[in-house]
Amino acid sequence: MLDLKQIRENPQYVQDRLNLRGAGQYDIQPILELDQQQRQLEQERSRLQARSNEIAKIIPAKIKQGSDPKGSEILELREEGNKVKTEIGELEPREKELKSQLETLLLALPNLPSETTPIGKNEDDNPEVRRWGEEYKIQHSVLPHWEIGEKLGILNSDRAVKVAQSRFIMLKGAGAALERALISFMLDKQTAAGYIEVLPPLLVNSQSLTATSQLPKFADESFKCQDDDLWLIPTAEVPVTNLYRDEILEASQLPIRHCAYTPCFRREAGAYGRDTKGLIRLHQFNKVELVKFVHPDKSEEEHQALVRDAEAILQALKLPYRVIELCTGDLGFGAARCYDLEVWLPSANKYREISSCSNFRDFQARRGSIRFKEAGKKGTQFVHTLNGSGLAVGRTMAAVLENYQQPDGTVKIPEVLQPYLGREVLYETAT
């Protein structure tokens, strides 16, 4: 959530930054108007409350000085006091309604792009930061990962559709073991890098989704329980960030770094006809998430480190990838700055996103009231939250199946995964 004080005091700056996301999409004028109305009501209520308090002191003082409790002077004061209380009672619900309308409008505004975020209209304007690996080293024809997976007998989509629907997948035998190995490897790698592993709930309440900005804007992307205020998580970012919701941390606790493996659930409502085969875009998929709570002064430094931690997985697996920075027109709703890691898929002859590493600054912390206090200083500050995939497991498996595919139809297992699997090669087995 944006700082209302910043909107009030620097409206042109805020509007200009929002326009970088797409001119005309967001208008802060209704917020400014509601804020002015709400503040006027608040001032009037405060004036009336002060007068009510004053009358409450005057009446007993005058009676003590000898005024008749039933005389006209005291009766007039009592009548005025009752009238003031009635007016206060009428103002309070109006003020409450204005505050509710104001909050609704604020929740609909995205984060402001950082000053360093590249300016652009869409993904075509995202600059490439760097590349790693040799994406063209494969000289033979490569089958798409879903074809080689089905040929090896480790992946089956038909049976998954039978028990669920499209955009689900079933892994079998070495496929299931490879998925588990990737999860264990990623967690081992990130905990060694200093992240504390957590295993959070897979169902969260609406307040949690609102704090991380999936609600209200992206409600149609998530699966909601029919009889409870619970939603299946779209990413571990949601429950892990909300572990500290409505808390005041000590500055000495920062940075807090967590990693978490969870299944993730997304309706993919806007993905009709795209990536209908394989492991790229599923309703249910596994992911290892990295989440940080940091001091604002360390925000950018920790963001760069987060990207490096995600890259370290791809480098250890020796998977070619590139890093791009999202421009203002392609930036996620809650992010102030974001880097995407894109892994090379030889069958498609292009890079595909495998991790987004975002710095939300205080955007999520304001929505979730996550603050910290520094010793010797008055008041509290909002933490900065950051997160990124470390990595999306299914997409990593897809990259392994394609980049390690051999001319004889087998798939070599990356060296770092061999201790987890106890084998060096995936070969065709009976389905």
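The values are calculated or read from the model by the stated rules, or taken from the named source; none is laboratory data. A quick note: this is a predicted structure, and the numbers were derived from the prediction, not measured. Using ideal geometry, Cβ is built from the backbone for each residue, glycine included, and neighbour counts are taken over all protein chains shown. Just so you know, the surface numbers come from the protein's heavy atoms only, side chains and all, with ligands and any DNA or RNA stripped out. Shrake-Rupley method; radii C 1.70, N 1.55, O 1.52, S 1.80 Å.
Miscellaneous remarks
- Of all residue pairs spaced 6 or more apart or on separate chains, those with beta-carbon atoms under 7 Å, a first member in the stretch 157-172 that is surrounded by 13 or more Cβ atoms within 10 Å (Cβ to Cβ) and a second member that is among the polar types (S, T, N, Q) are Phe168/Gln284; Ile169/Ser157; Met170/Asn156; Lys172/Asn156.
- Val163 being over 26 Å from the mean Cα position of the chain (by Cα) and modelled with pLDDT of 95 or more: yes
- First in the stretch 78-93 and farther than 9 Å from Ile55 by Cβ, second anywhere and assigned to a helix (DSSP H, G or I) and open to solvent by 70 Å² or more (accessible area, probe 1.4 Å), Cβ under 8 Å, 6 or more apart: Ile88/Gln49
- Residue within the stretch 209-218 that is without any contact (Cβ under 8 Å) to a residue 40 or more places away in the chain and either part of a helix (DSSP H, G or I) or outside the structural domain of Arg308 (by TED's automatic domain parsing) (or both) present: yes
- Residue within the stretch 237-255 that is under 21 Å from Pro200 (Cβ atoms), in a strand (DSSP E or B) and not hydrophobic (A, V, I, L, M, F, W, C) present: yes
- Some residue of the stretch 32-48 being open to solvent by 80 Å² or more (accessible area, probe 1.4 Å), aliphatic (A, V, I, L, M) and within 30 Å of Gly329 (Cα to Cα): no
- Any hit, the stretch 162-172, residues being among the hydrophobic types (A, V, I, L, M, F, W, C) and in contact with a Ser or Thr (Cβ under 7 Å, 6 or more places away or on another chain): yes
- Looking across the stretch 185-199, the residues that are more than 20 Å from Leu254 (Cα to Cα) and surrounded by 15 or more Cβ atoms within 10 Å (Cβ to Cβ) come down to Phe185, Met186, Leu187, Lys189.
- Sole residue being within 29 Å of Trp344 (Cβ to Cβ), under 18 Å from the mean Cα position of the chain (by Cα) and surrounded by fewer than 20 Cβ atoms within 10 Å (Cβ to Cβ), chosen from Glu237, Glu221, Glu150, Glu134: Glu221
- Residues that are at pLDDT 90 or above and surrounded by 15 or more Cβ atoms within 10 Å (Cβ to Cβ) within the stretch 66-79 comprise just one, Leu77.
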